[in-house]
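The values are calculated or read from the model by the stated rules, or taken from the named source; none is laboratory data. Here the structure is a predicted model, which means the values were calculated and not measured. Here the Cβ is made from the backbone with ideal geometry for all residues, glycine too, and neighbour counts use every protein chain on show.
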Amino acid sequence: MTQTIPATLISGDGIGPEIMSSVTTVMKALDAPFVWEHHAAGMGALEAEGTPLPESTLDSLRRTGLALKGPLTTPVGTGFRSINVTLRQQFGLYANLRPTKTIVPGGRFENVDLVVVRENIEGLYAAMEHYLPVGDDPEAVAYGAGFNTRAECNRIVRFAFEYAVANNRKKVTLVHKANILKILSGIFLHEGRRVAAEYEGRIAVEERIVDACAMELVIKPENYDVIVTTNLFGDILSDLAAGLVGGLGMAPGANIGEKVAVFEAVHGSAPDIAGKGVANPLALMMAGSMMLAHVGRQDLSGRLDMAIEQVVTSGGIRTRDLGGTATTQDVTQALLQAIQ
Ligand code: ATP
Ligand code: MG
């Protein structure tokens, strides 16, 4: 008998329930090992339980250490913090993993297959910012600071190299701005070089200044394999990369810590199309595939990836965001056929 793995499932807001139902249907047909613990978060949880992040949901996550999460709307003007940021900090989800691969043909690039590993906790998003007064203007100067620790730079670069080894990748590019931010970005580059040396002969290493990297990504994205970088640069470059290959509907992500890993689609709740049955479930589907690989089921992950590719290419089943007319249901049905 195959081993079962308990996992927390959060359907989320907006298009969340529609795309999540597609994913669980396909997972079941794949005979995926997950035993889902259904829990609420986001707007739905606020309405039902009075908080956007109920303790029962956090408890489940602590127990399972594994979650598939739909898009969450953080209620505005209610004093609640961003749910995604809270999860990241509560569980120390230090690594944000964003794979980008050409799947839909006829796009700008045919052979993109890269992964951005973004440091998720430190850097310039530490939000240590405030105004300074000058004369009678109390907000004359906006001041912001960030920090990077040697330990965290080491951990995130090591994560990228270990990911490269485990996923048969050939090269890791350290992306920085150490020519200007000599200390803040310099510590990342120096620590990165030290880690890279340990992988010499196994995984190639390359260095790029972030501005040059941005330009190269839109000219020759095929040159990149694994990119590892600090928080702000990673945020921007990972969205840039998603745009190279079909946009938000095709962009999965994972937030990974020492004890907990949360898999999700990069896009939001898309309230404009919620409830219409036309959302693209593939970003969340690919997040599910990453989750399978994460628990060692590369076999099922590979089968799912192949099915997705087949459906959108030779099958020509595409939702509106990909220029097609298919519904969420159409995509689900096509996937079920493809994995037979
Ligand atoms: P949120 O406030 O939750 O972030 P949003 O309005 O910013 O939601 P996003 O989901 O971030 O919306 O994406 C912006 C737009 O992209 C959506 O309004 C929607 O039209 C489109 N979009 C996003 N995800 C999908 C998807 N899975 N399938 C189809 N279209 C999508
Ligand atoms: Mg959004």
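Values computed for the structure shown
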{"quantity": "Subset of the range 163-186 [in a loop (DSSP other than H, G, I, E, B) and at pLDDT 95 or above]", "calculated": "169, 170, 177, 178, 179, 180, 181, 182, 183, 184, 185"}
{"quantity": "Residue identified as surrounded by 24 or more Cβ atoms within 10 Å (Cβ to Cβ), closer than 29 Å to residue 213 by Cβ, among the hydroxyl-bearing types (Ser, Thr, Tyr) and touching a residue at least 12 places away in the same chain (Cβ under 8 Å) among 289, 301", "calculated": "289"}
{"quantity": "Any hit, the range 266-274, residues being touching a strand residue (DSSP E or B) at 6+ places or on another chain (Cβ under 6 Å) and within 16 Å of ligand 2 (Cβ to nearest atom)", "calculated": "yes"}
{"quantity": "Residue identified as in contact (Cβ under 8 Å) with a residue 60 or more places away in the chain, more than 15 Å from ligand 1 (Cβ to nearest atom) and among the β-branched types (Val, Ile, Thr) among 86, 100, 64, 51", "calculated": "100"}
{"quantity": "Number of the condition not met by residue 284 [criteria: (1) in a helix (DSSP H, G or I); (2) away from ligand 2 (no atom under 16 Å from the Cβ)]", "calculated": "(2)"}
{"quantity": "Subset of the range 1-21 [under 19 Å from the mean Cα position of the chain (by Cα) and under 14 Å from residue 280 (Cβ atoms)]", "calculated": "14, 15, 16, 19, 20"}
{"quantity": "Test result for residue 71, within 16 Å of ligand 2 (Cβ to nearest atom) and at pLDDT 95 or above", "calculated": "yes"}
{"quantity": "Contacts under 7 angstrom Cβ, first residue in the range 20-37 being in the same structural domain as residue 340 (by TED's automatic domain parsing), partner assigned to a helix (DSSP H, G or I) and of a type in the set (Gly, Ala, Ser), 6 or more apart", "calculated": "23/288; 27/288; 37/60"}
{"quantity": "Residue list for the range 187-229, filter: closer than 15 Å to residue 161 by Cα, out of contact with any Leu (no Cβ under 8 Å at 6 or more places or on another chain) and in a loop (DSSP other than H, G, I, E, B)", "calculated": "199, 200, 201, 202, 203"}
{"quantity": "Failed item, numbered, when residue 329 is tested on (1) touching a residue at least 12 places away in the same chain (Cβ under 8 Å); (2) away from ligand 2 (no atom under 16 Å from the Cβ); (3) touching a Lys or Arg at 6+ places or on another chain (Cβ under 9 Å)", "calculated": "(3)"}
{"quantity": "Number of positions in the range 239-267 that are within 14 Å of ligand 1 (Cβ to nearest atom), at pLDDT 95 or above and of a type in the set (Gly, Ala, Ser)", "calculated": "2"}
